[in-house]
Amino acid sequence: MPIAGWFRKLAIAAVATAFAFPLYWVVVTAFNSHGGVFSIPPRFVPAMHTGAFVYVLTHTHWLHYLLNTVFIAGATVVLVVATSAMAGYALAELNLRGSGIFVLLALGVMMLPTQALLIPQYALALHLHLLNGYAIQILPFAASTFGVFLFRQFFKSLPREYWEVARLEGVGHLRYIWRVALPLARPAMLTVILLTFIGSWNQFQWPLIMTTSHSVQPIEVALSHYMQTFEANWRKLTSAVVIALAPIVLLFLLLQRHIVTGVAGRDGGVNL
């Protein structure tokens, strides 16, 4: 192997280590003993003490926050896949007047900073009586511009003959989407599912502003409360962090190989 190849691999390994070490240190701290957290020199191998995890799961409402987040993220994923698939199909297959303008408007929406819209969005939610509930954490994120473009990219690459055969069999547009087009766009669907789930799971600013009741708040908001409660107990705090991170890390490890395929598309490029 050329020297440049070795340098490239070493650089990749160094960057990966720099990004992974903070997460590894959180895991080490969570499984450490109380005295081991403050030991000098520090211990770099987990001691496998699970007392902090047991305390967080049995003496706090962490499982309730976890279930809240699973419900919110799951409902958001279902709505995003449904709306993105239908909108992407419409832009790819239907000769809609003004579809080019819609694409430009959607791109314009992507360029708007989220913080600039918080005040009007809060006022709208207040007048619609949506504050402090699950709906306000799900409905505003039920559509994804990225998801629409990704599905549009895949649907445009499907042979037109598929739709013509389906039409001869009496299949309508909706049935064709769910029974033919969507299964063929599996890499795009898995990419949308993964990115939407991670984005919904990591929501902090929006639920912090739109909710006040602990009964409906997600795990990221709860974690900010726990940072105050377990301020001096790093084992319990990092145990809560590990529990919060575990689902999205596992999901990413399971679906990561589909991301490149989903973003690159069947034909190797994005057709906008």
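The values are calculated or read from the model by the stated rules, or taken from the named source; none is laboratory data. These figures come from a predicted structure and were not determined experimentally. Cβ: placed from backbone, ideal geometry, glycine included. Neighbour counts: every protein chain shown.
With respect to Ala116, determine if the residue is of a type in the set (A, V, I, L, M, F, W, C), in a helix (DSSP H, G or I) and surrounded by fewer than 10 Cβ atoms within 10 Å (Cβ to Cβ).
On the way: of a type in the set (A, V, I, L, M, F, W, C): yes; in a helix (DSSP H, G or I): yes; surrounded by fewer than 10 Cβ atoms within 10 Å (Cβ to Cβ): yes.
Considered against the rule, which asks whether it is of a type in the set (A, V, I, L, M, F, W, C), in a helix (DSSP H, G or I) and surrounded by fewer than 10 Cβ atoms within 10 Å (Cβ to Cβ), Ala116 comes out as yes.
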#### Entry: Close pairs from the stretch 214-229: first farther than 19 Å from Ala246 by Cβ, partner at pLDDT below 80 and not hydrophobic (A, V, I, L, M, F, W, C), Cβ under 8 Å, at least 6 apart
none
### Message
Would you confirm whether or not the stretch 79-100 contains a residue that is of a type in the set (A, V, I, L, M, F, W, C), loosely packed, with under 14 Cβ neighbours inside 10 Å and either assigned by TED's automatic domain parsing to the domain that holds Glu164 or touching a strand residue (DSSP E or B) at 6+ places or on another chain (Cβ under 8 Å) (or both)?
### Response
yes
### Query
So how many residues does the stretch 167-215 have that are surrounded by 21 or more Cβ atoms within 10 Å (Cβ to Cβ) and farther than 19 Å from Val80 by Cβ?
0
### Summary
Among helices (runs of 4 or more DSSP H) entirely within the stretch 140-216, at least 3 residues that are under 20 Å from the mean Cα position of the chain (by Cα) and in the same structural domain as Ile248 (by TED's automatic domain parsing) occur in 145-156, 186-201, 205-210
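Please enumerate the residues belonging to the stretch 1-13 that are in a helix (DSSP H, G or I) and exposed (fewer than 10 other Cβ atoms within 10 Å of the Cβ).
Just the residues of the stretch 1-13 that are in a helix (DSSP H, G or I), to begin with: 3-13.
Correct list: Ile3, Ala4, Gly5.
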## Note on the structure
Condition set aromatic (Phe, Trp, Tyr) and part of a loop (DSSP other than H, G, I, E, B), scope the stretch 14-68, selection modelled with the lowest pLDDT: answer is Phe38
### Message
Out of everything in the stretch 217-240 that is in a helix (DSSP H, G or I), of a type in the set (A, V, I, L, M, F, W, C) and over 17 Å from the mean Cα position of the chain (by Cα), what residue ends up being surrounded by the most Cβ atoms within 10 Å (Cβ to Cβ)?
### Response
Ala240
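Do we have Gly133 as modelled with pLDDT of 80 or more, over 18 Å from Thr196 (Cα atoms), in the same structural domain as Met189 (by TED's automatic domain parsing) and under 21 Å from the mean Cα position of the chain (by Cα) here? Can you show your working first?
Details: modelled with pLDDT of 80 or more: yes; over 18 Å from Thr196 (Cα atoms): yes; in the same structural domain as Met189 (by TED's automatic domain parsing): yes; under 21 Å from the mean Cα position of the chain (by Cα): yes.
Answer is yes for this residue.
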